[in-house]
Amino acid sequence: MRNAFNLGELFGIQFRLHYTWFIIFILITVSFSWQLFPSSYPEWPLTLHWVMGIVTSLLFFASLLAHELAHSLVGRANDIPIKSITLFIFGGVAQMTREARSAGAELKMAAAGPACSLAIAGLFYSVSLLTQNAIVPAAAIAFQLAYINIALAVFNLIPGFPLDGGRVFRSILWQVTGNYKLSTRIATRVGQGTGYLFILGGILIVFLQPFGLDWFSGLWLAFIGWFLGNAASASYRQAQWRGALQGFTASQVMASDYPVVPLSITVSQLVQGYIFTSGHGCFLVADEGGVRGILTLPDIKSVPQPNWGVTQVKDIMTPLDKLKMAHLDQNALSILEQMDEGNINQMPVVSDDRVVGLITRDNLIRLLRTRSELGI
Ligand SMILES: [Zn+2]
């Protein structure tokens, strides 16, 4: 997810905040401070309403983080590495670098989030009971948080992929049918259907305003529905892509006509003699003994232009021993996963300790695009 900035790291997982998060943060704070708390406790001062609103919002987002963290830690324990967690307008999303290998692992990981939210709800409910006669504002906040966390768990348990409930649903289908692709397709259809129902419900609420609901709730529901439908389609496409890559090995997707440049030329020579003429952005660097390293455009950009004439490519290349390598018969999906995990865009392919090809992310994406255009 772009347009997100880093908050920091916890348990080796990067936490990020998308700019749309601020919209929902303000909306929730305002609705608590301006509507909910004043209507329940009109005798309390305005400042107290706002303090309570802000505290509720912050604790709500902490609950959301805990929910995502539960997915991530259970995922990691089941061999599904998690790179980052991003909070955005509709909640949180954990970025996995690969999908679950088994139905059981997927089930545990998907169920962990809602289970965590329910546990948090129970905790807040106990706090509200304990404080209701002593610190009434704290009890009011805790009660709201118990309610919100239950809502969060219930919403996420809707059986439409890619919501948690959709993943639980898929893992059960997967377990029963043994067919990952079919299970994903069914769970996605349910996800898209749920999205359409939400949009329809939202439109009905806007025009009919039943049960005292206003046009804003309708619009919001429709917006969530639109998001759900889109997310379902996007996740399905991704699953299809992964399936498509699984059928290929490195030897089938690598480029063997990769550009090779000599170890001792300067950056100027490289730019004029190779980049301008070939248009390539990634080079293998070699001498008589074979390939020694890899050089990409960002490496070149890291050298100030006036120094291009005196800097040799061997000084700025990434040497082979620092690179991740693919094996000739490794499947293309696991190569893409390794690229995602290491944040890299290219991997040399080796056979008998010799570099025989180069796989770039662009290669893989082009292959997928061609396949989807041919409809295979
Ligand atoms: Zn979740």
query: For region 115-129, does any single residue satisfy the condition of being within 13 Å of the ligand (Cβ to nearest atom), small (G, A, S) and over 14 Å from L59 (Cβ atoms)?
result: yes
- request: Identify, by number, the condition in (1) in contact (Cβ under 8 Å) with a residue 60 or more places away in the chain; (2) open to solvent by less than 20 Å² (accessible area, probe 1.4 Å); (3) among the aliphatic types (A, V, I, L, M); (4) in a helix (DSSP H, G or I) that L107 doesn't meet.
  value: (2)
- request: Might you check whether a residue that is over 30 Å from Q240 (Cβ atoms) and open to solvent by less than 60 Å² (accessible area, probe 1.4 Å) occurs anywhere in region 65-74?
  value: yes
task: Within region 76-99, track down each residue that is closer than 17 Å to A239 by Cα, open to solvent by less than 20 Å² (accessible area, probe 1.4 Å) and more than 14 Å from the ligand (Cβ to nearest atom).
output: T97
- request: May I ask you to list the residues in region 300-321 that are open to solvent by 100 Å² or more (accessible area, probe 1.4 Å) and either touching a residue at least 24 places away in the same chain (Cβ under 8 Å) or farther than 23 Å from T360 by Cα (or both)?
  value: Q305, P306, V310
message: Out of F198, F169, I need the residue that is among the aromatic types (F, W, Y) and within 16 Å of the ligand (Cβ to nearest atom). Which one?
response: F169
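The values are calculated or read from the model by the stated rules, or taken from the named source; none is laboratory data. Note that the structure is a prediction, hence the values are computed from the model and not measured. Cβ atoms come from the backbone with ideal geometry, glycine included; neighbour counts cover every protein chain shown. Heads up: the accessible areas ignore ligands, DNA and RNA and are worked out on the full protein's heavy atoms, side chains in. Shrake-Rupley method; radii C 1.70, N 1.55, O 1.52, S 1.80 Å.
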